[in-house]
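Below is one structure, written out as structure tokens; comments come after it.
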Amino acid sequence: MTETTRSHQSIVVDGGRTLCFAEWGDPAGFPVFGLHGTPGGLLNRHPDEGKYAEAGARVITYDRPGYGGSTRRPGRSVVDCVGDVAAIADHLGIGRFAVTGGSGGGPHSLAVAARLGERVVRACCDVGVAPFGLDELDFFAGMDPLNVTEFGWAVDGEQRLAVELDRELREMAERVAANPSKLLGDGWALDDADRAVLSRADLAAVIREATEDLVRGGVWGLGRR
């Protein structure tokens, strides 16, 4: 842990829920909320945390409800993250900030920017997910077959989804414990560049740490409800 890192902090928000968050980089730097993917958590970050300080950034990550140490929020939707991000920002005395989100975090980033427009100076949605159920969009077109399978479980309902995700989470934990580069397993259609990144030694500690924290929270972050 670097001098500028403060991980696993928490606040209590509406209804007595706990939200866990972490800070990385320069405490006096410009605040940037980094919203994790699906799955993910507050420990997902660049393996060289000093890069944040070099860039003059104060990066805040947090566990969405049901992930890591954050209390589950049954029935939540993407837009519900807005109040949680605002609560953490208020707690830290942050007025204006940037927000970024990758994959499953992308829609959450856009929601924060849309609802907290005056406070958000810049937003990034990296490889985000489109809304489901739009008449003009084939949601599954071009998607990795394993993603199609997982989203299909979600369409089938919570009971099916929870069972399958629990199995996947346990299998992922076993793979990572043995070899962090196997985080995603062998079934995904990754190119050589992606596999090279996952094989980097500097990512191993971050992957192990983040996966252990993810398993601690169970499947309810992924299943949402």
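Values for this structure:
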read-out	value
Percent of Cα-Cα distances greater than 17 Å, calculated over the stretch 131-173	41 percent
Sites excluded, GluC sites (Glu not before Pro) in DSSP loops with at most 12 other C-beta within 10 Å, longest stretch of the chain	4-117
Sum of side-chain charges, Arg167 neighbourhood, beta-carbon under 14 Å (Lys, Arg +1; Asp, Glu -1)	-3
Inter-part distance where the stretch 120-177 and the stretch 52-110 are each reduced to a Cα centre, Å	19 Å
Cleavage-rule hits, trypsin sites (Lys or Arg not before Pro), the stretch 150-214, DSSP coil, Cβ neighbours within 10 Å at most 13	Arg200
Virtual spin-label span in nm between Ala28 and Asp135, 7 Å along Cα→Cβ	5.7 nm
The stretch 14-114: trypsin sites (Lys or Arg not before Pro) in DSSP loop, at most 14 other beta carbons within 10 Å	Arg96
Counting DSSP beta bridges with both ends in the chain, the antiparallel % (nearest 5)	40 percent
Dipole of the chain [Lys/Arg +1, Asp/Glu -1 at C-beta], most positive-end residue of Gly217, Ser70, Val59	Ser70
Cα Rg, Dmax, the stretch 101-211, angstrom units	16.6, 46
Radius 14 Å from Cβ of Gly102, net charge of other residues (Lys, Arg +1; Asp, Glu -1)	0
Normalised contact order of the chain, rounded percent, pairs of Cα under 8 Å and 6 or more residues apart	23 percent
Segment Glu174-Ala114, length gained on full extension (0.36 nm per residue, minus Cα span)	17.7 nm
Extension reserve of the Ala55-Asp194 stretch, reckoned as 0.36 nm per residue once the Cα distance is removed	47.6 nm
Kirkwood Rh and Cα Rg combined as Rg/Rh, the chain	0.95
Mean projected area (nm²) of the alpha-carbon convex hull when the stretch 38-84 is viewed from all directions	4.1 nm²
Amide H contacts of Arg58 (H built 1.01 Å from N, under 5 Å, at least 5 apart or other chain)	Asp26, Gly29, Phe30, Val32
Footprinting exposure proxy for Ile88, Ile11 (fewest neighbouring C-beta atoms within 10 Å first)	Ile11, Ile88
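Just so you know, all these numbers are worked out from the coordinates, no wet-lab data involved. For clarity, every value in this text was computed on a predicted model and none was experimentally measured. No Cβ is skipped: glycine too gets one built from the backbone with ideal geometry, and neighbour counts run over all protein chains shown.
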